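Structure, as structure tokens:
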Amino acid sequence: MTLDHGNPPIEDQIRQWIKHDPDPVTRNQLIDLTNQQNQDLIKDLFTSRIRFGTAGLRGELGPGPNRMNQLTMRRLAIGLAKYLGEGKRVVLGRDGRYKSKDFLEDIACVLTANDIDVHIFPTVIPTPLLAFAVRHLETDMGVIVTASHNPSRDNGCKVYLSDGAQLRTPIDEEIDQLIVGAEFPEIQPLFGNGKRFEIDETVTEAYCSAIANSVTNQSPNIRIAYTPLHGVAMQLTESNQLDLDVPINSILDFPVIHPRDDM
């Protein structure tokens, strides 16, 4: 098969991707597409890429540089490591999406291999907690694996700087160029001098306390309906309400709502 698009040629890109993709699922998907001569889909996967910007990376799961996968995330982490330099510290967190745990581990492995310490939340967290932790722990950067409100087929990540604010221009452009120039990492990650630390409950407690202390004028007449939908903030929301001595009435059954067959 010859596809006259891309530099280097798509065939070379495919071989590189198959060789270095640590995920057997996406690696085999790419092998199958090659064997099936599915040129249209291969062009879509390899003639463009997911670009890094102020919102980080976000896109559909799948093989190749134009999809979110473990190799895409590892090359992102190489770009972040090159931007930060050795001896820095990064907070890592994730949501509950498919592959989020694997993606977080990929980022952690690459950063520690480049002599960068990582502080990892052991469970799923909402994005604002990650931004808070960056300043609370006085780290140089924070990365959370999430695709926010995107459909379930997507995943991605957001990057926060040392001030706890989301990445901004022109830093995003600088990191994007570092990602473009990133080498393909080996499937088995190398070991460096970076250390791993598990973030304990004190950070979450400090976050909840900061929220509670920001409420200076409570009104007993306000009633709020809240649902996390597919998010992960329910536990923290309940904790904050209890800290503020707000009564909670949970509704777990909705008998008047029925799923439609045509939805």
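None of the figures in this text is laboratory data; all of them are computed from the coordinates on show. Nothing here was measured: the structure is a model prediction, and the numbers come from that model. We place every Cβ from the backbone using ideal geometry, glycine too, and count neighbours over all the protein chains shown.
Counting only pairs 8 or more residues apart or on different chains, how many lysine pairs in the chain have their Cα atoms under 29 Å apart?
Lysine pair count for the chain: 22.
Just the number, please: Stokes-Einstein D of the stretch 1-91 in µm²/s, Kirkwood Rh from C-alpha pairs, 25 °C, 0.890 mPa s.
Reported coefficient: 174 µm²/s.
Would you mind working out the magnitude of the charge dipole of the chain relative to its Cα centre, with +1 at each Lys and Arg C-beta and -1 at each Asp and Glu C-beta, to the nearest 20 Debye?
220 debye
Filter the GluC sites (Glu not before Pro) in the stretch 112-190 down to the DSSP loop ones having no more than 12 other Cβ atoms within 10 Å, then list what survives.
Qualifying residues, ordered by number: GLU138, GLU183, GLU186.
In terms of modelled amide H atoms, which long-range or inter-chain residues lie less than 5 Å from the amide H of GLY56?
Here VAL159 satisfy the definition.
Scan the stretch 94-192 for chymotrypsin sites (Phe, Trp or Tyr not before Pro) in coil per DSSP, keeping those whose Cβ has at most 16 other Cβ atoms within 10 Å, and list them by number.
When the chymotrypsin sites (Phe, Trp or Tyr not before Pro) of the stretch 94-192 are filtered for loop state and at most 16 Cβ neighbours within 10 Å, TYR98, PHE191 remain.
Rounded to the nearest 500, what is the 222 nm mean residue ellipticity of the chain from helices alone, with -39500 (n - 2.57) per DSSP H run of 4+ residues and division by all residues?
About -12000 deg cm²/dmol.
Rank HIS230, LEU190, PRO8 by how far each Cα sits towards the positive end of the charge dipole of the chain (+1 on Lys, Arg Cβ; -1 on Asp, Glu Cβ) and give me just the farthest.
So the residue furthest toward the plus end is PRO8.
Mean Kyte-Doolittle of at least -1.0 plus a Cα span of 18 Å or more along the axis: flag which DSSP H helices in the chain meet both, please.
Qualifying helices: 70-84, 100-113, 201-214.
Express as a percent, rounded to the nearest 5, the fraction of DSSP beta bridges in the chain (both residues included) that run antiparallel.
The antiparallel proportion sits near 45 percent.
Sort out for me the Cα centre separation of the stretch 146-189 from the stretch 92-137, rounded to whole Å.
12 Å
Just the ratio, please: alpha-carbon radius of gyration of the stretch 10-199 over 2.2 N^0.38 Å, N its number of residues.
0.99
What residues qualify as long-range amide H neighbours of ALA147, i.e. H under 5 Å apart, gap of 5 or more or another chain, H built at 1.01 Å from N?
GLY156
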